[in-house]
Amino acid sequence: MGKKAREIVNISIEDLLKDLNSLYADEWIAVFYYTWASDFIEGPVYLEVAEEIERISKEEAEHMSELSDRIFELGGEPERDLEDLQKIANCKKIVFPKDERDIDGVVNALAEAEGCAIEAYNRLLHKVSACYEKDLRTFHLVEHILSEEIQHEEAFENLLLKKKQ
């Protein structure tokens, strides 16, 4: 984003960068945990579940890249330190069951993580909606990612329903 465009944004660029970096951290954490889950779950129907987790993990990596691009456009830098990513994240950890064969427990944990992401993106969407006319780019980015997070939560919930049938 150029100098003039940054000037007309109706919220603090520093606050916006902080919020975007927190979401960026959330996406890093999601990619880490989702990749772990897709690689290590076991049990019945694990292959179908692992494939869905892997698909969603790739979308989370895309979100991370999109957020990174926006952070750079606004004159900031995405957080690089792994410990700081953990500190600034909205959704700091996914708690999995101890047994990797507990596929329902794993999928429930992932659905909860998506719920946390939905809340975080929704909060920022409300913030940037106040300056919608002046920062369409951020608004549409957050709106786009929020819609995908909603789809991810539903995909995980559908896996649970499908498994019960």
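Readers should treat all values here as calculations from the given coordinates under stated rules, not as data from a laboratory. Fair warning: this is a prediction, and the values are worked out from it, not measured in the lab. Cβ: placed from backbone, ideal geometry, glycine included. Neighbour counts: every protein chain shown.
Summary table
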{"item": "Distance histogram for the range 74-165 (every C-alpha pair counted, 10 angstrom bins, percent rounded to whole numbers)", "result": "15, 34, 33, 14, 4, 0"}
{"item": "For the range 68-76, Karplus couplings with θ = phi - 60° (6.51, -1.76, 1.60), whole Hz, Gly/Pro x", "result": "4, 4, 5, 4, 4, 4, 7, x, x"}
{"item": "Computed magnitude of the charge dipole of the chain (debye, nearest 20; Cβ of K, R +1, Cβ of D, E -1)", "result": "460 debye"}
{"item": "Charge dipole (the chain, unit charges on Cβ, about Cα centre) - positive-most of Ile118, Ala30, Ile13", "result": "Ile13"}
{"item": "HN-Hα J in Hz across the range 29-43 - Karplus 6.51, -1.76, 1.60, θ = phi - 60°, x for Gly and Pro", "result": "5, 4, 4, 4, 5, 5, 4, 4, 4, 5, 7, 10, 5, 9, x"}
{"item": "Backbone HN-Hα couplings from phi across the range 114-128 [Karplus 6.51/-1.76/1.60, Hz, Gly and Pro as x]", "result": "5, x, 5, 4, 4, 4, 5, 5, 5, 4, 5, 4, 5, 5, 7"}
{"item": "The chain: relative contact order in percent, alpha carbon pairs under 8 Å with at least 6 residues between", "result": "29 percent"}
{"item": "Projected area, mean over directions - the chain, Cα convex hull, nm²", "result": "9.3 nm²"}
